[in-house]
């Protein structure tokens, strides 16, 4: 924008200078011109061709000079604008353009890879697993659960003065279960459920025993307890909606 204003100001100055130059030229007296012509004719003789430089011819010459000057300024300005644009434009098929594209693609690739790695490394399951410590030597229990539940983490549940339990988290999408095994033999169902509630900080609710299994709740979450190999086992719904029938099916 500033460059355009500068060029326009230059054109105006040139135009004003030419107008002043034309105005300063005085029209010669016709009488003086004719005297000079007669004098030249007298000296050269009547046979010499006469050259007459009239005011109209001077005007034509001045107009031609003006046209050349204005046209030259227009060409110069166009060249300057073209040069400024050419300095900032890189041909699409040039080596410099290819280098810029490669740098941009590499940068975008690094950003995408970094975002993907961050997304893969995020484990939102820890938002649910607020209790227990990682088990450094998890036992081979249970090898798998049904209904598409996948093992996520083995933990140890412990509270000061209470027997510790082994636990394992299983998830399927946003649905997660906690399976627990007591390490204390001859522990009753009631003691096992009470200790379990203390370990995971969930208050046990009503309990119902049926067919050697105990159906109970922990802070409203459905849970199932049973005995296996002389030890108490439990399956607790940490997230998601489960019925007792579904818990029994997953247990088996």
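Here is a yes/no grid of residues against (1) under 13 Å from residue 231 (Cβ atoms); (2) part of a helix (DSSP H, G or I):
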position: 171; (1), (2): no, no
position: 181; (1), (2): yes, no
position: 185; (1), (2): yes, no
position: 190; (1), (2): no, yes
position: 193; (1), (2): no, yes
position: 197; (1), (2): no, yes
position: 202; (1), (2): no, no
position: 205; (1), (2): no, no
position: 215; (1), (2): no, no
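How many residues, within the stretch 204-225, are surrounded by 15 or more Cβ atoms within 10 Å (Cβ to Cβ) and touching a helix residue (DSSP H, G or I) at 6+ places or on another chain (Cβ under 7 Å)?
8
Determine whether residue 157 is touching a helix residue (DSSP H, G or I) at 6+ places or on another chain (Cβ under 8 Å), within 16 Å of residue 146 (Cβ to Cβ) and in the same structural domain as residue 146 (by TED's automatic domain parsing).
It is false that residue 157 is touching a helix residue (DSSP H, G or I) at 6+ places or on another chain (Cβ under 8 Å), within 16 Å of residue 146 (Cβ to Cβ) and in the same structural domain as residue 146 (by TED's automatic domain parsing).
Assuming residue 199 fulfils every condition listed in (1) touching a residue at least 60 places away in the same chain (Cβ under 8 Å); (2) closer than 21 Å to residue 146 by Cα apart from one, which condition is it?
Only one criterion in (1) touching a residue at least 60 places away in the same chain (Cβ under 8 Å); (2) closer than 21 Å to residue 146 by Cα is unmet by residue 199, namely (2).
Please count how many residues of the stretch 205-227 are in contact (Cβ under 8 Å) with a residue 12 or more places away in the chain, over 14 Å from residue 178 (Cβ atoms) and more than 47 Å from the chain's Cα centre (by Cα).
Looking only at that region, the number is 9.
Failed condition for residue 196, given (1) farther than 23 Å from residue 152 by Cβ; (2) in contact with a strand residue (DSSP E or B) (Cβ under 8 Å, 6 or more places away or on another chain), with all others met?
All conditions are met except number (1).
The values are calculated or read from the model by the stated rules, or taken from the named source; none is laboratory data. In this text the structure is predicted, and so the values were computed from the model without any measurement. Backbone-built Cβ (ideal geometry, glycine too); neighbour counts: all protein chains shown.
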